[in-house]
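The values are calculated or read from the model by the stated rules, or taken from the named source; none is laboratory data. The structure presented is a predicted model; accordingly, all values stated were derived computationally and were not measured. All Cβ positions, even for glycine, are placed from backbone atoms using ideal geometry, and neighbour counts span all protein chains on display.
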Amino acid sequence: MREVVVVGGGPVGLAAAVHARRAGLSVLVREPRQGPVDKACGEGLMPGALSELADLGVHPHGRDLAGIRYVASTGTGVTARFAAGPGRGVRRTVLHDALAARADEVGVEVDARPVATVDDAGDHVLVDGEPARYVIAADGLHSTVRRLVGLEGPAPSRRRFGQRCHVRQAPWTDVVEVHWSPRAEAYVTPVDDDLVGVAVLGEAGSRFEDLLDDFPVLRERLTGPRTRVMGAGPLRQRARARSVGRVLLVGDAAGYVDALTGEGIALGLAQARVAVDLVALGDVRGYDRAARRMGLRHELLTHALLHATARPSVRRGLVPAARRLPWLFSSAVNQLARPVGRPA
Ligand SMILES: Cc1cc2nc3c(=O)[nH]c(=O)nc-3n(C[C@H](O)[C@H](O)[C@H](O)COP(=O)(O)OP(=O)(O)OC[C@H]3O[C@@H](n4cnc5c(N)ncnc54)[C@H](O)[C@@H]3O)c2cc1C
């Protein structure tokens, strides 16, 4: 019997699989999509995500990011530099290739069938009828496993969506720019020497092009040809708990608040590491608590910012306020940027 089946071969699932192999466990990844897998994402790897990847021996190509800049509709802004070293803008396809190559190198097997059933069998789990000692579910925002094992939380009342495209032109900045309008935010992430990612977050029912009209200063900057738009959402997903029995949820499958603060990959990679540590010990009872604790800092800050910025008046005043209190802005950015689940 396999020790671990990882459901989902996104960044978090592949990271879990590499950790598992390095801990000497037999592991199978179930991922139906053929690589390199793309996804709607802001593609900003926070410094914490980069250090998790480096620990795995994964060094994806991209553009270094020195910090985060909030920009008002007038074009004025405020920048917070990362204190813990740079982050990196990395195309999802590049990240997938780098993790998949590392997984292959350490002997991870991949099976292209999607998982349809997960059943608790006491001292093991049946995944589509095949036994495994543990299941690590990294099957994303709309996790099938979360639903199958009864961990799906209540549907969110507020429904925000993300849409993203790329613009082929040289980046003009070495930070992630977050442009604010009364109803949406636009995230600009340099991901290569001739490629800039633009992700827009807003309420349901808005087209990418219409939302982009909210940002005339940014629109003027975008001079190159654009790729097609990809979307994702609703962003808010709840899990009643992060584990039950021998099934552990990691990454977006474990619940997601919003892409507003851009730490999803860092948090997911840290959860993958901790999940495998506990699986290797043969006692996963502490996982739910550990995963909850790891996500708390991000959850609180993201919820607070989301709640505050639900009002257009606050959104209009946000950048001027951050300019008046740059130390506070910098402190919040660095709380989110620092490594997850490791000593400060
Ligand atoms: C617009 C937007 C902007 C974002 N910006 C950032 C950012 O700048 N920085 C950041 O860190 N995070 C960002 N995020 C969040 C980030 O994209 C996610 O946190 C991250 O992708 C989570 O990785 P994952 O591996 O958990 O899930 P995913 O990347 O979604 O991977 C899940 C995988 O599971 C597979 N799968 C699904 N169902 C099954 C099944 N039944 N059986 C087998 N496999 C299955 C899918 O094919 C997929 O490959 C953003 C998100 C959005 C929507």
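Tallying residues that are surrounded by fewer than 17 Cβ atoms within 10 Å (Cβ to Cβ) and more than 24 Å from L95 (Cβ to Cβ) within region 207-243 yields 11. Picking from residues in region 293-315 that are loosely packed, with under 15 Cβ neighbours inside 10 Å and among the basic types (K, R), the one that is farthest from the chain's Cα centre (by Cα) is R311. Annotation note: of V4, V29, the sole residue that is more than 11 Å from the ligand (Cβ to nearest atom) and touching a helix residue (DSSP H, G or I) at 6+ places or on another chain (Cβ under 9 Å) is V4.
Yes or no, residue by residue, for (1) modelled with pLDDT under 95; (2) over 22 Å from A98 (Cβ atoms); (3) not in a loop (DSSP other than H, G, I, E, B):
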site: A16; (1), (2), (3): no, no, yes
site: L25; (1), (2), (3): no, no, no
site: R33; (1), (2), (3): no, no, no
site: L50; (1), (2), (3): no, no, yes
site: V58; (1), (2), (3): no, no, no
site: A83; (1), (2), (3): yes, yes, no
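Answer with yes or no whether L50 is buried (at least 21 other Cβ atoms within 10 Å of the Cβ) and within 13 Å of the ligand (Cβ to nearest atom). Here the answer is yes, as L50 does meet what is asked. It is to be established whether one or more residues within region 188-197 are without any contact (Cβ under 8 Å) to a residue 60 or more places away in the chain, more than 11 Å from the ligand (Cβ to nearest atom), of a type in the set (V, I, T) and buried (at least 17 other Cβ atoms within 10 Å of the Cβ). Yes, some residue in region 188-197 is without any contact (Cβ under 8 Å) to a residue 60 or more places away in the chain, more than 11 Å from the ligand (Cβ to nearest atom), of a type in the set (V, I, T) and buried (at least 17 other Cβ atoms within 10 Å of the Cβ). At least 2 residues being in contact with an Asp or Glu (Cβ under 8 Å, 6 or more places away or on another chain) is the threshold, and among the strands (runs of 3 or more DSSP E) wholly inside region 117-179 those reaching it are 125-127, 130-137, 160-167. Looking only at region 56-71, decide whether some residue is more than 11 Å from the ligand (Cβ to nearest atom) and in contact with a Ser or Thr (Cβ under 6 Å, 6 or more places away or on another chain). Looking for residues that are more than 11 Å from the ligand (Cβ to nearest atom) and in contact with a Ser or Thr (Cβ under 6 Å, 6 or more places away or on another chain), one finds at least one in region 56-71, hence yes. It is to be established whether one or more residues within region 167-174 are closer than 30 Å to A321 by Cα, more than 9 Å from the ligand (Cβ to nearest atom), surrounded by 23 or more Cβ atoms within 10 Å (Cβ to Cβ) and at pLDDT 95 or above. Within region 167-174, not a single residue is closer than 30 Å to A321 by Cα, more than 9 Å from the ligand (Cβ to nearest atom), surrounded by 23 or more Cβ atoms within 10 Å (Cβ to Cβ) and at pLDDT 95 or above. If you go through region 139-147 one residue at a time, do you hit one that is surrounded by fewer than 16 Cβ atoms within 10 Å (Cβ to Cβ) and in contact (Cβ under 8 Å) with a residue 12 or more places away in the chain? Yes - at least one qualifying residue is present in region 139-147.
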